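The values are calculated or read from the model by the stated rules, or taken from the named source; none is laboratory data. These numbers were taken from a predicted model, which means no experiment stands behind them. Neighbour counts are summed over all protein chains in view; Cβ atoms, including those assigned to glycine, are modelled from backbone coordinates with ideal geometry.
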Amino acid sequence: GAIPVPCPPAAPAAEVADLARLTEAAAWFVGDELRGAGVTRLADLLADPVEARTPPGSLGRLRPRPDDVAVFQLSGGTTGRPRVIPRTHDDYLYGSLQVARATDFDGESVLLVAQPAAQHVPLACPGLQGALLLGARVVLAPAPDPETVFPLVEAERVTWIPAAPAALTAWLEHPGRGRHDWRSLRRLYVGGPGASPGLVSAAREAFGPVVQQLYGPAEGCTCATRGSDPAEVSVETHGRPVCPDDEIRIVDEAGREVPRGQVGELQCRGPSTIRGYWRAPEDSRGAFTPDGFYRTGDRARLHPSGSLVIEGSAREVVQGASERPKPSWKPLT
């Protein structure tokens, strides 16, 4: 029943304190490098036979409901501090299953996670959640560098990899790539700033048509290209929504939908998209339209195929703990 709040180790201490207050966090898990006096070891907590002191049936009242918060993700914002994204059990699990369906991920898949596992894409697109739901195998890599990833792909017969553009670029440029066996790979999804058509095209030359694109904001409405898409669509676009009931629209500054092919702001709503930020009514009013669409802040257009092309950000985004570009950080008041 615990709700995790993934927070990068590099986040400023004052920002972590703000997040702890906002989410009412009860514990802070840190790496061994931060161990010191008064820090409890996780192994000791797990070894404590708390169940022996707990009356039978007492945990039943703590059973979560489907619409309870499962995890708090973080998003860059324009307010000078990160916004907290409440992902519920039902919307988050539904989204993971829909990404799995759209990207040919199943119980026979072998997923390599070389990014921080608590981030949205490696956790839920379909990520660790999808693997646990479907019975797939997960290979956790301690780092995304070629020297770590290449032997794991070969030894573990990895079939599915989510990759950040920087990591994919390093893999393409590494002289040892051809000395490893990549024949098990069925899908390599790249997404995020820097995933240009040139990079995707080069990756497809190196790895084949297994390379596809994914757009996955933590607020919801994941889009992806499919293995059945023409090469032009896989290289030039970020695909279409993976959830059949998700809606997207592209609007101008006045909120009017633009003609196909014209650039505007991407908005989305649906069962996999949140309805508002955690305890942030002002942020929520600015980020959602009166009819419930989430204003992504991303500039986009529709490709002639009907797939989505992300052109960049439509507004300044403040990073904070969400690891997105920021000009500054301001404490909560």
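Observations on the structure shown:
- Close Cβ contacts (under 9 Å, 6 or more residues apart or on different chains) running from residues in the stretch 80-107 that are touching a residue at least 40 places away in the same chain (Cβ under 8 Å) to residues that are acidic (Asp, Glu) and in a helix (DSSP H, G or I) comprise Arg81/Glu15; Arg81/Asp18; Pro82/Glu15; Pro82/Asp18; Arg83/Asp283.
- Criterion applied to Glu232, Glu219, Glu257, Glu265 was being loosely packed, with under 15 Cβ neighbours inside 10 Å, modelled with pLDDT of 95 or more and more than 20 Å from Pro197 (Cα to Cα), and the one residue passing it is Glu257.
- Selection of the stretch 140-151 for residues being under 18 Å from Ala166 (Cβ atoms) and of a type in the set (A, V, I, L, M) yields Ala141, Ala143, Val149.
- The set of residues in the stretch 1-16 that are in a loop (DSSP other than H, G, I, E, B), of a type in the set (A, V, I, L, M) and out of contact with any strand residue (DSSP E or B) (no Cβ under 7 Å at 6 or more places or on another chain) comprises Ala2, Ala10, Ala11.
- Residue selected from the stretch 100-125 under the condition assigned to a loop (DSSP other than H, G, I, E, B) and within 12 Å of the chain's Cα centre (by Cα), by the criterion surrounded by the most Cβ atoms within 10 Å (Cβ to Cβ): Cys125
- Flag set for Ala47, criterion: more than 31 Å from the chain's Cα centre (by Cα) and loosely packed, with under 10 Cβ neighbours inside 10 Å.
- Where strands (runs of 3 or more DSSP E) fall entirely within the stretch 239-319, those with at least 1 residues that are more than 18 Å from Leu214 (Cα to Cα) and in contact with a strand residue (DSSP E or B) (Cβ under 8 Å, 6 or more places away or on another chain) are at 247-251, 264-269, 294-302.
- Residue in the stretch 151-170 that is among the acidic types (Asp, Glu), more than 23 Å from Pro8 (Cβ to Cβ) and surrounded by fewer than 14 Cβ atoms within 10 Å (Cβ to Cβ) present: no
- Across the stretch 152-184, the number of residues qualifying as part of a loop (DSSP other than H, G, I, E, B) and in contact (Cβ under 8 Å) with a residue 12 or more places away in the chain comes to 10.
- Qualifying residue in the stretch 206-222 (condition: in a helix (DSSP H, G or I), under 17 Å from Ile161 (Cα atoms) and touching a helix residue (DSSP H, G or I) at 6+ places or on another chain (Cβ under 7 Å)): yes
- Within the stretch 269-288, the set of residues being in contact (Cβ under 8 Å) with a residue 40 or more places away in the chain, farther than 18 Å from Ile248 by Cα and either in contact with a Phe, Trp or Tyr (Cβ under 7 Å, 6 or more places away or on another chain) or surrounded by 17 or more Cβ atoms within 10 Å (Cβ to Cβ) (or both) comprises Tyr277, Trp278, Ala280, Asp283.
- For the stretch 17-36, a residue qualifies if it is modelled with pLDDT of 90 or more and in a helix (DSSP H, G or I), and the qualifying residues are Ala17, Asp18, Leu19, Ala20, Arg21, Leu22, Thr23.
- Once the stretch 193-243 is narrowed to residues that are small (Gly, Ala, Ser) and in contact (Cβ under 8 Å) with a residue 60 or more places away in the chain, the residue that is farthest from Asp283 (Cα to Cα) is Gly227.
- Residue list for the stretch 125-149, restricted to those being hydrophobic (A, V, I, L, M, F, W, C) and without any contact (Cβ under 8 Å) to a residue 40 or more places away in the chain: Leu128, Ala131, Leu132, Leu134, Ala136, Val138, Val139, Leu140, Ala141, Ala143, Val149
- Counting only residues that are modelled with pLDDT of 95 or more and not in a helix (DSSP H, G or I), the stretch 77-99 holds 5 of them.
- Criterion violated by Leu74 - all others in (1) among the aliphatic types (A, V, I, L, M); (2) within 28 Å of Pro162 (Cα to Cα); (3) modelled with pLDDT under 90 satisfied: (3)
- Search result, residues across the stretch 30-76 that are of a type in the set (D, E, K, R) and over 20 Å from Tyr92 (Cα atoms): Asp32, Glu33, Arg35, Arg41, Asp44, Asp48, Glu51, Arg53, Arg61
- Hey, Glu147 out of contact with any Cys (no Cβ under 9 Å at 6 or more places or on another chain), acidic (Asp, Glu) and farther than 12 Å from Val110 by Cα or not: yes
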